[in-house]
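A.B. asks: Okay, handing you the structure first.
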Amino acid sequence: MPWCLVSRSTHCRRIPQRLFWPLADGRLGALDAMTGKLCTGFGRQGYVDLNEHTGNTLAGFVGPTSPPVVMRGVVVQPTGQVRDGQERAAPSGVVRGYDAIDGSLRWAWDLGRPETTRLPPEGEVYTRGTPNVWTPMAADDELGLVYLPTGNASGDFYGKERTPEEEEFTSSIVAVDASTGRVRWHFRTVNHDLWDFDLGPPPNLVDWPMPDGSRRAAMVQATKAGPVFVLDRATGEPLLPVEQVAVPQGTDHGDWTAPTQPLSPGMPNTIGQPDKDIETLRESDTWGISAFDQLICRIQFKQMRYEGIYTPPTLQGTIAHPGNHGGINWGGVAIDLQRGILVMNSNRLPYTEHVYTRETMDEMGIVSIFRGKSAVPDYMAQAGLPFGAKKEPWMSPLETPCIAPPWGYITGVDLRTQEVVWRRPLGTGYDHGPMGIPSRMKFTMGTPNNAGSLVTAGGLVFIGAALDNFLRAFDTETGELIWETRLPAGLQAAPMSYEVDGRQYIVAAVGGHERMDTKLGDSVIAWALPTR
């Protein structure tokens, strides 16, 4: 149905349905949903320029990666993803609300200027380098709140020069008023984040079962770091215990480390095998497909610093488990409220993280990708900071992870007891293998994965996500594999479902993922479920 905008006369006037979508070049467009025609009365001839007042003048620095939220006549749209690790003075991570009819600016949430609710001062831009919102948001119309999952301030692996506001709101879930953009509450998931543990998983809004049999309007926030937090969505109060746990301390380059990090002991973690104990690697856990590459991995383990989760990045080199890919990443978790089961797919892939002095970066010829071509690829310049960085999956010379599989799981968790009811490795080596050679064998060893799942009322979980090109369906209650189909490319997007004339369909955007090295494609494919 057409949606309504409440006017000052308190009656609801009907307006045409619209589709709002962010473009890769940094514009927000509006289409008439029924005709596909551009709504030329929105912004400037149908578009709002999201680059305005952000300080972004460079192609590719900013790219909207998620759709806006439309609520109470306001289109809430973040700047989008800001390219990681290149420059401290990166474009602003400002989030803005636009009038859904004419595209005029209703409000702006500028972290560095909380008193600025619309445009920055004349001749200035919104605060540069602030945490950005790149993953899908969520909203509660009854509460009038939009939930913003934030990333890091610019300079992911060096945080000594962050402002107090950046420290407070980095890697946080922030609830803002949809009408004004004012912050109602926020919950930080990582203290002084030095690991790029930005909130990639979107929040899930559910009615959470309480011990007394009642239900609370809740938010489930999964994280790259591992914990899964359950919060009251009106206040941000934790509905399951949150403990501040002591973590490894000290760096060798002058940064400081937070003495504790928040964990959620009541929920299964997403690091390693998803039980209630966080996995800590040992030297004997190093692995390879031959004695040679296993030896190299073991030598690296001895050379680098590792003291468990939240070991800080160092000049010496650090093993990070999980790495900045997670845990849980893009797509988050899915929740079947009818059966009381939360389904999560997670990674078990350590990373290596190194910090480098500016002098070393200069000697290697490392520059921001927006200022030229580096002499050596794959480093993070972090220009404007005293230190650059490099992060990558911890891989052997034969291009296999330095710990034994599984490297990815899918898991079902009982909402009432928070116990794991089933888990299994997710993905095969069919399309990947040592030295990049596909095995063409459907041996389920579990692969790194990226994308969410879809749960249906019929009791199925549909998911791609893994490094092989398959869409699979699992039984929500048991985890049994029910069905799978071959795809022309990687499925690094969550499937969707719809119904036409009583027939249910599953549809997915099968586009692959360049950085995960899955096959790229441009298909949108739908499958019909059997009729009853």
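The values are calculated or read from the model by the stated rules, or taken from the named source; none is laboratory data. In this text, all values refer to a predicted model and were calculated from it rather than measured experimentally. As a convention, Cβ positions derive from the backbone with ideal geometry for all residues, glycine included, and neighbour counts pool all protein chains shown. Accessible surface is based on the protein model in full, side chains and every heavy atom, while ligands, DNA and RNA are left aside. Shrake-Rupley method; radii C 1.70, N 1.55, O 1.52, S 1.80 Å.
A.B. asks: Nothing charged except the Cβ atoms of Lys and Arg (+1) and of Asp and Glu (-1): what's the magnitude of the dipole of region 322-462 about its Cα centre? Round to the nearest 20 debye.
C.D. replies: With only Lys, Arg, Asp and Glu charged at Cβ, the dipole is about 360 debye.
A.B. asks: By the gyration tensor of its Cα atoms, with a ≥ b ≥ c the square roots of the eigenvalues, what is the shape of region 91-174: rounded for a/c under 1.5, prolate for a/b over b/c, or oblate?
C.D. replies: Oblate shape, in that a/c is at least 1.5 and b/c is the bigger or equal ratio.
A.B. asks: Tell me, what is the percent relative contact order of the chain, built from C-alpha pairs under 8 Å that lie six or more residues apart?
C.D. replies: Over the chain, the number comes to 8 percent.
A.B. asks: Mind grabbing the accessible area of ASP207 for me, 1.4 Å probe, Å², rounded to tens?
C.D. replies: 80
A.B. asks: Report the accessible area of ARG182, computed with a 1.4 Å probe over the heavy atoms of all protein chains in place, in Å² rounded to the nearest 10.
C.D. replies: 120
A.B. asks: Quick check: residue separation of THR35 and THR235 times 0.36 nm, minus the Cα distance between them. What number comes out in nm?
C.D. replies: 67.9 nm
A.B. asks: When all C-alpha to C-alpha distances in region 273-334 are sorted into bins of 5 Å, what percent of pairs does each bin hold, rounded to whole numbers?
C.D. replies: 4, 16, 20, 22, 19, 12, 5, 2, 0
A.B. asks: Something else now. About its Cα centre, what dipole magnitude does region 6-148 give when the only charges are +1 on Lys and Arg Cβ and -1 on Asp and Glu Cβ, stated in debye to the nearest 20?
C.D. replies: I would put it at about 340 debye.
A.B. asks: What does the charge count around SER368 come to, taking other residues whose C-beta lies under 11 Å from its C-beta (Lys +1, Arg +1, Asp -1, Glu -1)?
C.D. replies: +3
A.B. asks: Looking at the square roots a ≥ b ≥ c of the eigenvalues of the Cα gyration tensor of region 132-217, which shape do they give, rounded for a/c under 1.5, prolate if a/b is larger than b/c, or oblate?
C.D. replies: Here region 132-217 falls in the prolate category.
A.B. asks: How much net charge surrounds ARG113 when only other residues with a Cβ under 11 Å from its Cβ are counted (Lys, Arg +1; Asp, Glu -1)?
C.D. replies: Charge balance in the 11 Å sphere: -3.
A.B. asks: Considering the options GLN492, ASN56, THR531, tell which one lies farthest towards the positive end of the dipole of the chain, charges being +1 on Lys and Arg and -1 on Asp and Glu at the Cβ, about the Cα centre.
C.D. replies: THR531
A.B. asks: One quarter of the convex hull surface, Cα atoms only: what value does that give for region 420-500 in nm²?
C.D. replies: 6.0
A.B. asks: 7 Å from Cα along Cα→Cβ at both ARG118 and GLN316: what's the point-to-point distance in nm?
C.D. replies: Those two pseudo-labels are separated by 5.5 nm.
A.B. asks: When the chain is fully extended, how far beyond the present Cα-Cα distance does ASP522 get from SER374, taking 0.36 nm per residue of separation?
C.D. replies: So the chain would gain 50.2 nm between ASP522 and SER374.
A.B. asks: Shifting gears a bit: For region 225-316, what Kirkwood radius comes out of the mean inverse Cα-Cα distance, in Å?
C.D. replies: The answer is 15.6 Å.
A.B. asks: A further question follows. Roughly speaking, what is the stretch gain from ARG44 to SER179, that is 0.36 nm per residue apart minus the C-alpha to C-alpha distance, in nm to one decimal?
C.D. replies: 46.4 nm
A.B. asks: Using per-residue counts of other Cβ atoms within 10 Å, averaged over each peptide, order 334-345, 127-138 from highest down.
C.D. replies: 127-138, 334-345
A.B. asks: Would you mind getting the accessible area per residue of the chain, heavy atoms of the protein chains only, 1.4 Å probe, in Å²?
C.D. replies: It amounts to 42 Å² per residue over the chain.
A.B. asks: Moving on to the next point. Compute the distance in nm between two label points, each set 7 Å from the Cα along the Cα-to-Cβ direction, one at GLU419 and one at ALA89.
C.D. replies: 5.8
A.B. asks: Would you calculate the separation in nanometres between label points at ALA59 and ARG515, each defined as 7 Å from the Cα along the Cα-to-beta-carbon direction?
C.D. replies: Taking the simple label geometry, ALA59 and ARG515 are separated by 2.1 nm.
A.B. asks: Right, here's the next one. Highest mean first, how do 104-112, 189-197, 45-53 rank when packing is the count of other Cβ atoms within 10 Å averaged over residues?
C.D. replies: Highest-to-lowest ranking by the protection proxy: 189-197, 104-112, 45-53.
A.B. asks: Using the Cα gyration tensor of region 242-379, with a ≥ b ≥ c the square roots of its eigenvalues, what is the shape: rounded (a/c below 1.5), prolate (a/b larger than b/c) or oblate (neither)?
C.D. replies: Taking the square roots of the gyration eigenvalues as a ≥ b ≥ c, region 242-379 is prolate.
A.B. asks: Another question, if that's okay. In what sequence, highest mean first, do 57-68, 515-526 appear when ranked by Cβ atoms within 10 angstrom?
C.D. replies: 57-68, 515-526
A.B. asks: For MET34, tell me the accessible area in Å² from a 1.4 Å probe, rounded to the nearest 10.
C.D. replies: Its heavy atoms expose roughly 150 Å² to the probe.
A.B. asks: Please find the FRET efficiency linking LEU23 to THR478, where r is the Cβ-Cβ separation and R0 is fixed at 45 Å, and quote it to the nearest 0.05.
C.D. replies: Here the calculated transfer efficiency is 0.60.
A.B. asks: Could you size up the charge dipole of the chain around its Cα centre, putting +1 on the beta carbon of Lys and Arg and -1 on that of Asp and Glu, and report it in debye to the nearest 20?
C.D. replies: Magnitude of the dipole: close to 1060 debye.
A.B. asks: What percentage of the solvent-accessible surface of the chain, computed with a 1.4 Å probe over protein heavy atoms, is contributed by carbon and sulfur atoms?
C.D. replies: That fraction is 52 percent.
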